[in-house]
Amino acid sequence: MVSVTSDPEGLSGYIDLHVNSIWFISYKRAIDRLVVHTKTNNYYMTGPLKYCMNALKKSGCNFVYADRSNIFNADNVVVINTLFKEVYFEKEVTKKSKRCEIAHNRYDEAISRLGALNPNIIFS
């Protein structure tokens, strides 16, 4: 479980969110918060992304750095767009599908880790 809020200011109070429901986490500088992306909602956390990544890894979660401000849950990746270097979390990709871009310099490492953690991924 991860403690998150449903608004950036924390006025809603904490909600316990199961890690398996997290697709990716991104740092948004404009609001100085981590945005936790799930299938249907976005939630918010404070703290550095590196701290969050370290805690998730030590808890046995399979998160991978996409770039310096995004990490994604390897267990939830379904499709990788190799042309645009993006991961998707749904089999049927549409324009509205949530995606997480992988930085060019992290792409090979991310793909290698994904192949080991989640061999059922579809490459497109």
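Placing 82, 38, 46 in order of accessible area, with the largest value first and a 1.4 Å probe, yields 46, 82, 38. For the chain, the solvent-accessible area of protein heavy atoms averages 61 Å² per residue (probe radius 1.4 Å; ligands and nucleic acids excluded).
In terms of overall dimensions, the C-alpha atoms belonging to segment 30-124 reach 34, 28, 23 Å along their principal axes, ordered largest to smallest. Using a 1.4 angstrom probe on heavy atoms only, work out the carbon and sulfur share of the accessible area of the chain in %. Here it works out to 50 percent. Over the residues of the chain, the helix contribution to mean residue ellipticity at 222 nm works out to -5000 deg cm²/dmol, using -39500 (n - 2.57) for each DSSP H run of at least 4.
Sort 97, 69, 59, 12 by accessible area with a 1.4 Å probe, largest first.
Result of the area sort, largest leading: 59, 12, 69, 97.
Please report the antiparallel percentage of the DSSP beta bridges confined to the chain, to the nearest 5. Counting only bridges with both partners in the chain, antiparallel ones make up about 95 percent. At most 16 other Cβ atoms within 10 Å plus a DSSP loop assignment makes a site exposed; report the longest stretch of the chain without any exposed GluC sites (Glu not before Pro). Value returned for the longest uninterrupted segment is 10-89. Whole-Hz Karplus values for segment 67-75 come out as 7, 6, 10, 9, 10, 10, 7, 4, 5 Hz, taken residue by residue from phi with 6.51 cos²θ - 1.76 cosθ + 1.60 and θ = phi - 60°; glycine and proline positions read x.
Within the listed set 80, 31, 22, the Gaussian network model of the chain (springs between alpha-carbon atoms below 10 Å) gives the highest mean-square fluctuation for 31.
The values are calculated or read from the model by the stated rules, or taken from the named source; none is laboratory data. The structure presented is a predicted model; accordingly, all values stated were derived computationally and were not measured. Positions of Cβ are generated from backbone atoms using ideal geometry, with glycine treated the same way; all protein chains shown enter the neighbour counts. Surface accessibility is based on the protein's heavy atoms, side chains included, excluding ligands, DNA and RNA. Shrake-Rupley method; radii C 1.70, N 1.55, O 1.52, S 1.80 Å.
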